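**Student:** Below you will find the structure I want to go over with you.
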Amino acid sequence: MIEIPREDTISVDWFNACFADAGLAGRISGFEAARVGTGQIGKCVRYTFAFADQGDLPASVIGKFPSDDENSRQTGVALLNFLKEVRFYQELQHRVTINTPRCYYSEILNDGPEFFLLLEDLAPAEQGDQLAGCTPVVAKAALRELVGLQAPAWCDASLHELKWLRDADVAAVADTMALYRQTLPGFVERYGPSLAADEVAIIQRVGEASDTPFHAEFPEVFSLVHVDYRLDNLMINTTGSDITITAVDWQSITLGAPMNDVAYFIGAGLEPQVRKPVEEELVRGYHEGLLRAGVSNYAWEDCWLGYRRGAFAGFAVTVIASMLVQRTDRGDTMFTTMARRHARHAIDLGSEEFLR
């Protein structure tokens, strides 16, 4: 495997060696680089090529590096974000049917932060906008695609062998609630003034509870879980006759309750007034997709119950992540929006009954 490049060391020779190693014919003669996206843990650069001989080579690609921010880099190492994303492309991409970008290079040194991914440029698809939210039509397409991650992995015990994915021994001593409680006061101080009183109350209630869905024991029904399946991590192409969704940012993938991804996406991606009239229809569509994909032992009643419990999946991501990554103006707006939507989601579903 060729060496892991940095943003300031990547070169024409490196690209040519990489593409040759991937079995692609052709040679580039130069490239232009431009930053894209607003990632919190990683940074992405679009490379647009000039060719000596294009052959099989793509016109442009996306390179992903660790963040320049030291706090974000250390968070990525501690939470295995860098390792998980590299290993997803190395070991899991071929096992699922969800749309993902082609990967030309994936390598990491130990657990990071030194790593690099070279991925297909999905343009003209555009990144979803977490702040703006989405329509029910886009939500339906995103949930249809999510079936392609979860159905192929449904209760697949062999996935437990991938210790980087979820190490049961490490998970047994990991204390998500302790981290939630530790970061909660700072979160409420920073974002509380922008939230309604009942939204702040349920976020605090989670911290006071001794038993919550997001730190429950490993579920009997499990699958691959993206964990951060939201609009900012989806590339959406509307140029054809149908909406095409491609999922990116596999930094948090794990094994867990599949409905957490469903509830997290719907709660984070739709404004409450948009969500409530179509919510059950969207979840039923996902459930029917599972059945068509061969998941035959998952009743609708269990699906809906799991969905209501999953309303808290976004609480941990929002509260903990917001206090660990580099702070930006857009990040503040995003975390405020997510906190409001997730809290209102749990309130609307009566999910507080699962807090004990």
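Values in this text are rule-based calculations from the coordinates and carry no lab data. If you're wondering where the values come from, they're calculated on a predicted model, not measured in any experiment. Virtual Cβ from ideal backbone geometry, glycine too; neighbours counted across all protein chains shown.
**Student:** Once both labels are modelled 7 Å past Cα along the beta-carbon direction, what's the residue 137-residue 276 spacing in nm?
**Tutor:** Going by the 7 Å Cα→Cβ label model, 2.5 nm.
**Student:** Further, regarding this structure: Tell me, in nm to one decimal, what length is gained between residue 329 and residue 74 on full extension, where the rule is 0.36 nm per residue of separation less the Cα-Cα distance? List each step's numbers first, then the result.
**Tutor:** Numbers: separation 255, 0.36 × 255 = 91.80 nm, distance 2.10 nm.
Residue separation times 0.36 nm, minus the Cα-Cα distance, leaves 89.7 nm.
**Student:** Calculated FRET efficiency, residue 205 and residue 155, Cβ-Cβ r, R0 35 Å, to nearest 0.05? Mind dumping the intermediate values first?
**Tutor:** Details: r = 32 Å, r/R0 = 0.90.
The formula returns an efficiency of 0.65 here.
**Student:** So for the range 191-231, considering every pair of alpha-carbon atoms, how many percent are separated by more than 12 Å?
**Tutor:** Numbers: 596 of 820 pairs.
The proportion of pairs with Cα distances above 12 Å equals 73 percent.
**Student:** Order the peptides 181-193, 340-352 from the highest to the lowest mean number of other Cβ atoms within 10 Å of their residues.
**Tutor:** With the highest mean Cβ count within 10 Å placed first, the list reads 340-352, 181-193.
**Student:** Which FRET efficiency value, to the nearest 0.05, do you get for residue 238 and residue 32 by plugging their Cβ-Cβ distance into 1/(1 + (r/R0)^6) with R0 = 30 Å?
**Tutor:** Values: r = 27 Å, r/R0 = 0.89.
The value I calculate is 0.70.
**Student:** I've got another one for you. For all pairs of alpha-carbon atoms in the range 202-356, what percent lies in each bin of width 5 Å, listed from the first bin to the last filled one?
**Tutor:** Going from the shortest bin to the longest, the percentages are 1, 8, 17, 22, 22, 17, 8, 3, 1, 0.
**Student:** Given 0.36 nm per residue, what is the gain on full extension from residue 90 to residue 45 after removing their alpha carbon distance, in nm?
**Tutor:** Answer, rounded to one decimal: 14.1 nm.
**Student:** With bins 10 Å wide starting at 0, give me the P(r) of the chain over every alpha carbon pair, in whole percents.
**Tutor:** In order of increasing distance, the bins hold 5, 24, 34, 25, 9, 2, 0 percent.
**Student:** Here is a follow-up. With axes computed from alpha carbons, what is the tilt in degrees of helix 136-150 against the longest principal axis of the chain, rounded to the nearest 10 within 0 to 90?
**Tutor:** That helix lies at roughly 80 degrees to the long axis.
**Student:** Can you give the charge dipole size of the range 12-120 about its Cα centre, rounded to the nearest 20 debye, using +1 on the beta carbon of Lys and Arg and -1 on the beta carbon of Asp and Glu? Let's see the in-between values first.
**Tutor:** Values: 10 positive and 14 negative charges, 63 e Å.
Dipole of the range 12-120, to the nearest 20 debye: 300 debye.
**Student:** Could you sort 146-159, 18-31, 220-233 so that the peptide with the highest average Cβ count within 10 Å comes first and the rest follow in order? Before the final figure, lay out each step's value.
**Tutor:** Details: 146-159: 18.0, 18-31: 14.6, 220-233: 21.7.
So the order, starting with the most tightly packed, is 220-233, 146-159, 18-31.
**Student:** Now for a different question. Work out Dmax and Rg for the range 294-356 from the C-alpha atoms and quote the Rg first, both in angstrom.
**Tutor:** 14.8, 45
**Student:** Helix 313-324: angle to the longest alpha-carbon principal axis of the chain, degrees 0 to 90, nearest 10?
**Tutor:** Taking the Cα atoms of the chain, the angle to 313-324 is about 60 degrees.
**Student:** Can I ask one more? Going highest first, how would you order 266-277, 239-250 by mean Cβ packing within 10 Å?
**Tutor:** Values: 266-277: 18.8, 239-250: 16.0.
Ranked from most to least packed, the peptides come out as 266-277, 239-250.
**Student:** In nm, to one decimal, how far is the modelled label at residue 8 from the one at residue 356, with both set 7 Å along Cα→Cβ?
**Tutor:** Here the modelled spin labels are 5.5 nm apart.
**Student:** Please sort by residue number the trypsin sites (Lys or Arg not before Pro) in the range 48-129 whose DSSP state is loop and whose Cβ has at most 14 other Cβ atoms within 10 Å. Before the final figure, lay out each step's value.
**Tutor:** Details: sites: 64, 73, 84, 87, 95, 102; in loops: 102.
Taking the range 48-129 and a limit of 14 other Cβ atoms within 10 Å, the loop trypsin sites (Lys or Arg not before Pro) found are 102.
**Student:** Starting from a Cα-only point model with no solvent, please compute log10 I(q)/I(0) by Debye for the range 12-120 at q = 0.15, 0.19, 0.21 1/Å.
**Tutor:** So the normalised log intensities work out to -0.68, -1.03, -1.17.
**Student:** Can I ask one more? Taking the chain, how many lysine pairs are there with alpha carbons less than 30 Å apart, if each pair must be eight or more places apart or span two chains?
**Tutor:** Pairs that pass both the separation and distance tests number 10.
**Student:** Okay, next question. Towards the positive end of the charge dipole of the chain, with charges on Cβ (+1 Lys, Arg; -1 Asp, Glu), say which of 14, 139, 293 has the farthest Cα.
**Tutor:** 139
**Student:** OK, next. Based on the inverse mean of 1/r over its pairs of different Cα atoms, what is the Kirkwood hydrodynamic radius of the range 115-267, in Å? Intermediate results must be reported in sequence, preceding the final value.
**Tutor:** Values: mean 1/r = 0.0563 Å⁻¹.
Taking every pair of different Cα atoms in the range 115-267, averaging 1/r and inverting gives 17.8 Å.
**Student:** Also, quick follow-up: Kirkwood hydrodynamic radius of the range 209-294 from all distinct Cα pairs, in Å? Write down the numbers at each step before the final one.
**Tutor:** Working: mean 1/r = 0.0679 Å⁻¹.
In the range 209-294 this quantity evaluates to 14.7 Å.
**Student:** Also: Which whole-number percentage describes the relative contact order of the range 223-285, with Cα contacts under 8 Å and a sequence gap of 6 or more?
**Tutor:** 38
**Student:** Moving on. Quick one: go through the range 279-315 and flag any residue whose amide nitrogen is under 15 Å from the point 7 Å out along the Cα-to-Cβ line of residue 176.
**Tutor:** 306-315
**Student:** Given Cβ point charges of +1 (Lys, Arg) and -1 (Asp, Glu) and nothing else, what value in debye, to the nearest 20, does the dipole of the chain about its Cα centre take?
**Tutor:** Details: 31 positive and 50 negative charges, 101 e Å.
My answer is approximately 480 debye.
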